[in-house]
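Only one structure is covered here, and it is reproduced in the block below.
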Amino acid sequence: MTVTAKRTTLRLFSWNVNGLRSCAGKGFLDWLAAARPDVLGLQETRVLPEQLPDELRSPDGYSSHFHSAERKGYSGVALLARTAPRSVLLGGLGEPRFDSEGRLIIADYGDFLFYTGYFPNGGSDLSRVPYKLEFSEAVLQHAEAQRRAGRSIVICGDINTAHREIDLANPKSNQKNTGFLPEERAWVSRFLDHGYLDIFRRLYPERAGAYTWWSNRAGVRERNVGWRIDAFYISPELEDRVVDARIHSEVTGSDHCPIELEVARP
């Protein structure tokens, strides 16, 4: 009899699917079966769980949790987990203006809390930038309260901000656009100043062309004219457990691609 050893790492994934039903029509379940993430945070699901077929609402081998926006067809996050969390909190920021938009799920994995978040877009007219910054600050303050209570933190998702010029293909022409505004970038710096690590950039500080989102305009993705706006942030005590951080830019099905953080089990 062959005994399969228990895998010694956890593979954490995050993916903005830009509509889960749309992504499902482009091979999402095939990707899920091949990638086999232990924990998968999804953003911009844009669906109520009751609108999904059983195989998508609760894929075989996974527990599933959905936090949908009150507004139909908008926003929404989900958690699919082969490694079940101790508990799951939908929303959790305690402010209806944030929780009603279905932007955050927090899962307790004992040795760390896993946040999957869909951070707001500031809007083409920049009218949502204040809301975006307020939501981001609320997430930071929630995480900081947990750290003071002795918890380790993993925050992932569509952050909707490229922090440095290396994180997008055309930094000069985007300085007045949401996603690369000085005040948005300053918030990421503030977040990192609290000790959190942008783990991909920590491992690969000078890797250019590493993007996670591309415009749907013709030829943009093929030419890799993109932005790195999806990320994993971790509290510093977890750094020694990190095996690798990966961007799976070869995976299609959305205008974003999946990102991965592999960590050693405790």
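The values are calculated or read from the model by the stated rules, or taken from the named source; none is laboratory data. This structure is a prediction, so every number in the text was calculated from the model and none was measured. Glycine also receives a Cβ, built like all others from the backbone with ideal geometry; neighbour counts cover every protein chain displayed.
Okay, residues lined up against (1) in a loop (DSSP other than H, G, I, E, B); (2) crowded, with 20+ Cβ neighbours inside 10 Å; (3) in contact with a Gly (Cβ under 8 Å, 6 or more places away or on another chain); (4) in contact (Cβ under 8 Å) with a residue 24 or more places away in the chain:
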residue	(1), (2), (3), (4)
R97	no, no, no, yes
G117	no, yes, yes, yes
P120	yes, yes, no, yes
A138	no, no, no, yes
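Among what's in segment 163-192 and is of a type in the set (D, E) and closer than 22 Å to Y131 by Cβ, pick the residue that is surrounded by the most Cβ atoms within 10 Å (Cβ to Cβ).
E184
Check R86 against each of (1) of a type in the set (K, R); (2) within 26 Å of C257 (Cβ to Cβ); (3) in contact (Cβ under 8 Å) with a residue 12 or more places away in the chain and name the one condition it does not meet.
(2)
Which residue out of G76, G150, G92, G179 is in contact with a Ser or Thr (Cβ under 6 Å, 6 or more places away or on another chain) and under 24 Å from R190 (Cα atoms)?
Only one candidate qualifies: G179.
Among L89, L42, which is the only one that is buried (at least 20 other Cβ atoms within 10 Å of the Cβ) and of a type outside the set (V, I, T)?
The conditions single out L42.
What pairs come up if the first residue lies in segment 122-136 and is of a type in the set (S, T, N, Q), the second is in a helix (DSSP H, G or I) and at pLDDT 95 or above, and their beta carbons are under 6 Å apart, counting only those six or more places apart or on different chains?
Taking only residues 6 or more apart or on different chains, the pairs are S136/W187.
Here are L93, L32: which of them is within 19 Å of I155 (Cα to Cα) and not charged (D, E, K, R)?
Within the list L93, L32, the selection yields L93.
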